[in-house]
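S.K.: Next up is a structure, given as structure tokens.
Here, each number is a calculation from the coordinates, and none is a lab measurement. This is a predicted model, so every value here is computed, not measured. In this analysis, Cβ positions are derived from the backbone assuming ideal geometry, glycine residues included, and neighbour counts consider all displayed protein chains.
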Amino acid sequence: MLNREDWLPLARKLDWEFSYVEEREVFPEIISGHPWLPHNAWKDWEESFKTSYREYVENQHEKDMAVYAVRDAVGRLENVQRLATPWINGLKVHAAALALAEFTAAIGNLRGTRFGRDSAWRAMASFGALDEIRHTQIPLLLMHELVRWDSQFDWTHKFYHTNNWLAIAARHFFDELTLGQNAIEFQIATNIVLETGFTNLQFVGLASLAHGAGDYMFEKMVTSIQTDEARHAQIGHPVLALVLRHDPEYAQYLIDKWFWRNWHLFSFLTGVTMDYLAGEQRSASFKEFMEEWIVDQFFRTLDEFGLKRPWYWDIFQDELEIYHHMMYASAYTYRSTFWFDVVVPSPDDRRWLRDKYPKHWNEIDAVWECIANHWKRSGVGAEKEMSVHSSALPAFCDMCQFPLCGGTPRKNTASVFELNGANYIFCSEPCRWIFQREPERYAAHKDLVKRILAGEAPADFTALRTEYFRLTPDTWGKDVYGGEYEWLSKEPGSS
Ligand code: MN
Ligand code: MN
């Protein structure tokens, strides 16, 4: 029997010459990706972490045993019921968003398994696909207990199968990133931008907040997932290096495009959870996590590749101060359009946020002041929910599909672009720029407002919530406390 060191190099490299088909037919550019190069250019493709199937299975088995042990120790319903209510609602965000997104990453990896340009790449992508199936199953398993307890957790299983506006935004992102993607763009966008960059926010930053919140199961779940991500994310590095050598402008474009797309998605998913739902034990702000993991670490990695910072760096810096605050304020005023409950930040929270986000907090604070005054005037309680709620339909960005809440409460950054007689509206310059680079990819998609105008979705707000978003009075989002805040009744002017 050969030693591992002797047979692994043989087993990794199993490419052969084609005799009765052309290489271009085996690996068509449309699905293998650009730039199309003969295999000779890819033959030295090398992953930095090498593993065999046998080692893979042994390692994964151990990791699964560790997850089961934590579930047995702290994963019962009563453990979750003891957590702070805002944090439990952050769990509902993740229960909806995580599992099927991970599943789409399995499909993306399977594209690499078939259409990756070197056998070592294809082998690593097949482990990546197995990883992503594991990441689909772990959240489904660990949060299954919660389904019978709370109908909003039950609803999270419907999420991607509805036309809820957040589901439209999430599908628009994952359909492009993972499901409908060629192998090269998938490995760069997913492995480099999402997994080397943004999942650190979730898996390191949010894990530490989960620990602070006493949610050891969530902490274990995401840290266990992260050990897989850190391994298969390395697939993207040799892919990026080769694309950069042959078409540096395209490599830079992929990074700039996907950084922006990820930024908007994670501003909601992670930004809102960290700064508004994680509770008072939070250790750092979303912006501080972004600065440590993205601005420092991720861009240092890109720098080592010889890539530049995105052209929209100044716009990104501006949004870092305010975008997720605008998202959360919008979300609060439209809370009955999604499946989790939200909270008005307390005076202590607002002092903390002012300290962390001094640049624009005054303007955001005025929004919360206004919402608090609404509660004071209407009186508190579940039956008063809709008097502190918007009913006009929000408009959405034709790229990220999030509400048009770019800019500040005083100065919105939305802009319109006309193409073939149709108007498209974008929340920000980078969203418009991505659309203009690949209009054939995006122009046919209808945002929610276009669906309403086309008669495909109900124009009536109530019917939209129930028929199109599939929500019910039981499942739609509310104020966690029904507006009943101790600090609110103590403030002057309250009845
Ligand atoms: Mn994953
Ligand atoms: Mn992954």
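S.K.: May I ask you to derive the FRET efficiency for Lys446 and Val147 from their Cβ-Cβ distance with R0 = 35 Å, giving the value to the nearest 0.05?
M.R.: The computed FRET efficiency comes out at 0.65.
S.K.: Given the -39500 (n - 2.57) contribution per DSSP H run of 4+ residues, what per-residue ellipticity at 222 nm results for the chain, rounded to the nearest 500 deg cm²/dmol?
M.R.: Theoretical 222 nm ellipticity from helices: -16000 deg cm²/dmol.
S.K.: Distance in nm between label sites at Tyr253 and Asp15, each 7 Å beyond Cα in the beta-carbon direction?
M.R.: 2.4 nm
S.K.: As an exercise, use a Förster radius of 56 Å and the Cβ-Cβ distance of Glu22 and His211 to find the FRET efficiency, rounded to the nearest 0.05.
M.R.: Step by step, r from the Cβ atoms, then E = 0.55.
S.K.: Asn59 to Trp313: FRET efficiency via 1/(1 + (r/R0)^6), r the Cβ-Cβ distance, R0 30 Å, to the nearest 0.05? Can you show the working numbers first?
M.R.: Working: r = 39 Å, r/R0 = 1.29.
With R0 = 30 Å, the Cβ-Cβ based efficiency is 0.20.
S.K.: Then there is this: Can you give the extra length, in nm with one decimal, that the chain gains between Arg114 and Thr85 once fully stretched, where that is 0.36 nm per residue apart less the Cα-Cα distance?
M.R.: Going from the current span to full extension adds 6.0 nm.
S.K.: Mind ranking 452-459, 152-159, 68-75 by how tightly packed they are, going by the mean number of other C-beta atoms within 10 angstrom, highest first?
M.R.: 152-159, 68-75, 452-459
S.K.: Right, here's the next one. Treating the angle as unsigned and between 0 and 90°, give the value, to the nearest 10°, between the Cα long axis of helix 313-333 and the longest Cα principal axis of the chain.
M.R.: Helix 313-333 and the main axis of the chain meet at about 50 degrees.
S.K.: Once phi is turned into ³J(HN,Hα) by the Karplus curve 6.51 cos²θ - 1.76 cosθ + 1.60 with θ = phi - 60°, what whole-Hz value does each residue of segment 16-22 show in order, with x for glycine and proline?
M.R.: After applying 6.51 cos²θ - 1.76 cosθ + 1.60, I find 9, 7, 8, 9, 10, 9, 7 Hz.
S.K.: Using a 7 Å offset from Cα along Cα-Cβ at Glu429, what residues in segment 402-417 end up with backbone N under 18 Å from the label point?
M.R.: Within reach of a label on Glu429, which here means backbone N under 18 Å from a point 7 Å along Cα→Cβ, segment 402-417 contributes 405-408, 411-417.
S.K.: With θ set to phi - 60° and the Karplus curve 6.51 cos²θ - 1.76 cosθ + 1.60, what are the ³J(HN,Hα) couplings of segment 435-447 in order, to the nearest whole Hz, using x for Gly and Pro?
M.R.: Those phi angles translate into 4, 5, 6, 9, x, 4, 7, 10, 4, 7, 5, 9, 6 Hz.
S.K.: Using only Cα atoms and rounding to the nearest 10 degrees, what angle (0 to 90) does helix 347-356 make with the longest principal axis of the chain?
M.R.: Helix 347-356 sits at roughly 40 degrees to that axis.
S.K.: Taking a label point 7 Å from the Cα of Ser390 along the Cα→Cβ vector, which residues of segment 242-267 have an amide N closer than 20 Å to it?
M.R.: In segment 242-267, the label zone of Ser390 (backbone N under 20 Å from the point 7 Å along Cα→Cβ) covers 264-267.
S.K.: Also, quick follow-up: Provide the gained length on full extension for the span Arg245 to Gln436, in nm with one decimal, where the gain is 0.36 nm per separating residue minus the Cα-Cα distance.
M.R.: Net length gain for the segment: 66.2 nm.
S.K.: Return the subset of Lys220/Lys257; Lys287/Lys446; Lys92/Lys158; Lys384/Lys490; Lys384/Lys446; Lys376/Lys490 for which the Cα-Cα distance in this structure is over 22 Å, preserving the input order.
M.R.: On the way: Lys220/Lys257 32 Å; Lys287/Lys446 32 Å; Lys92/Lys158 12 Å; Lys384/Lys490 19 Å; Lys384/Lys446 34 Å; Lys376/Lys490 11 Å.
Cα-Cα > 22 Å for Lys220/Lys257; Lys287/Lys446; Lys384/Lys446; rest within.
S.K.: Using modelled backbone amide H atoms (1.01 Å from N, in-plane), which distant-in-sequence or interchain residues come within less than 5 Å of Gly407's amide H?
M.R.: Amide H neighbours of Gly407: Thr413.
S.K.: Follow-up. Order the peptides 241-247, 12-18 from the highest to the lowest mean number of other Cβ atoms within 10 Å of their residues.
M.R.: Output ranking for 241-247, 12-18: 241-247, 12-18.
S.K.: For segment 23-31, just list the computed ³J(HN,Hα) in residue order, Karplus coefficients 6.51, -1.76 and 1.60, θ = phi - 60°, integers in Hz, with x standing in for Gly and Pro.
M.R.: 4, 5, 7, 6, 10, x, 4, 4, 10
S.K.: Here is a follow-up. Quickly rank 354-362, 264-272 as a protection proxy: mean count of other C-beta atoms within 10 Å, highest first.
M.R.: 264-272, 354-362
S.K.: Tilt of helix 119-142 relative to the longest C-alpha principal axis of the chain, in degrees (0 to 90, nearest 10)?
M.R.: 30 degrees
S.K.: Only residues of segment 404-440 count here: report those whose backbone N is under 11 Å from the spot 7 Å along Cα→Cβ of Ala366, or say none.
M.R.: Those under the cut-off are 409-411.
S.K.: Once you have the Cα-Cα distance between Thr466 and His34, take 0.36 nm times their residue separation minus that, and quote the gain in nm to one decimal. Walk me through the numbers before you get to the answer.
M.R.: Details: separation 432, 0.36 × 432 = 155.52 nm, distance 4.32 nm.
Result for the pair: 151.2 nm of gain on full extension.
S.K.: What's the local net charge at Val70, with K and R +1, D and E -1, over the other residues with C-beta under 14 Å away?
M.R.: Computed value for this residue: -2.
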